[in-house]
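The values are calculated or read from the model by the stated rules, or taken from the named source; none is laboratory data. The shown structure was predicted, so the numbers you read here are calculated from the model rather than taken from an experiment. A quick note on method: Cβ atoms are made from the backbone with ideal geometry, for glycine too, and the neighbour counts reach across all protein chains shown. All accessible areas refer to the heavy atoms of the entire protein, side chains included, with ligands and DNA or RNA removed. Shrake-Rupley method; radii C 1.70, N 1.55, O 1.52, S 1.80 Å.
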Amino acid sequence: MNQVFNFHRFGLLLKLDLAENGKKALLSLAVILGLMFLLMNPFIDFRKVGFSPIFLHILAYCVALFCGSLFTILAFEKYATPTTGIATILIPASQTEKYITAFISSILFMSVLLCAFFAMHYQFAEILIRNYPLERINPLPPEIMIAFSYIFYLVHGVSFLGSIYFPKATYIKTASVFFAFLVICFSVNWIMVHQMVEAGTIVQGPPFAKWNVFRNGTYIQVEYSKTTFLAIKTFFVLFVLALWQVAYVRLKEKEI
């Protein structure tokens, strides 16, 4: 099989993927966007529920994130069984073409969800502010939205890699490894932070974020320097790129 990338063959593979999964993806998007709209509906009197409507916006984000990861985890489902796996391997296309096809469909799906969340959040927040001028309603700040964007693509990278790495119980195994990794990171961060401060000092702050330090009624906020924070953000980007690269290498091994 020719393993050199060919644009014509790649176009045919995209058309095949669209024919097989296009309708399912559009229906899934419609359902998810409809659920997000119901959660973020600005015309419901949120004062009757007793909490800020922004909480429901964050809940809608979590729904989009979860559903996007479910869609991405199916990117390489055809390799899960010998029958469909052999048929997929025998498709006359290179590993790169198959990888990019699966990558484009999954990343496009999640990007649409993320952009829809941004548009709905800011548009609906403006409507809420106009309808309830006496209420304190603050849209999510830009730094939170940037973090939400990164989390979206981080979860995509993890789900995309898990899709090709775990042939059975894919979502459960991927989620278990991901959350175990998060627990380890937060535990190491907690141990390191409390080794650096004196007893009786309360420190709040997730890994790679600013620290909120409370001691004897005094509050101090410790932030990274601009250079250090830039290095951290660069590391985050490279980490997601590494997940996508490992998924590509794993796909090549599947076809050997």
What are the residues in the stretch 24-79 that are surrounded by fewer than 17 Cβ atoms within 10 Å (Cβ to Cβ) and assigned to a loop (DSSP other than H, G, I, E, B), if any? Asn41, Phe43, Ile44, Asp45, Val49, Gly50, Phe51, Ser52
Just one of (1) assigned to a helix (DSSP H, G or I); (2) under 22 Å from Ser106 (Cβ atoms) trips up Pro167, so point out which. (1)
Of all residues in the stretch 204-234, how many are touching a residue at least 12 places away in the same chain (Cβ under 8 Å) and aromatic (Phe, Trp, Tyr)? 4
Complete set of residues in the stretch 16-47 that are acidic (Asp, Glu) and closer than 30 Å to Ile91 by Cβ: Asp17, Glu20
Tell me, please, whether a residue that is open to solvent by 30 Å² or more (accessible area, probe 1.4 Å), of a type in the set (Gly, Ala, Ser) and free of Cβ contacts under 8 Å to residues at least 40 places away in the same chain can be found in the stretch 119-127. yes
Identify, please: which residue in the stretch 80-106 is small (Gly, Ala, Ser) and in a helix (DSSP H, G or I) and is, among those, most open to solvent (accessible area, probe 1.4 Å)? Ala87
Please specify each residue of the stretch 147-200 satisfying the condition of being at pLDDT below 85, surrounded by 13 or more Cβ atoms within 10 Å (Cβ to Cβ) and under 25 Å from Lys78 (Cβ atoms). Pro167
Of the residues in the stretch 211-256 that are in a helix (DSSP H, G or I) and either hydroxyl-bearing (Ser, Thr, Tyr) or in contact with a Ser or Thr (Cβ under 7 Å, 6 or more places away or on another chain) (or both), the one that is most open to solvent (accessible area, probe 1.4 Å) is Thr227
Pick from Phe117, Phe71, Phe66, Phe51: which is at pLDDT below 85 and out of contact with any His (no Cβ under 7 Å at 6 or more places or on another chain)? Phe51
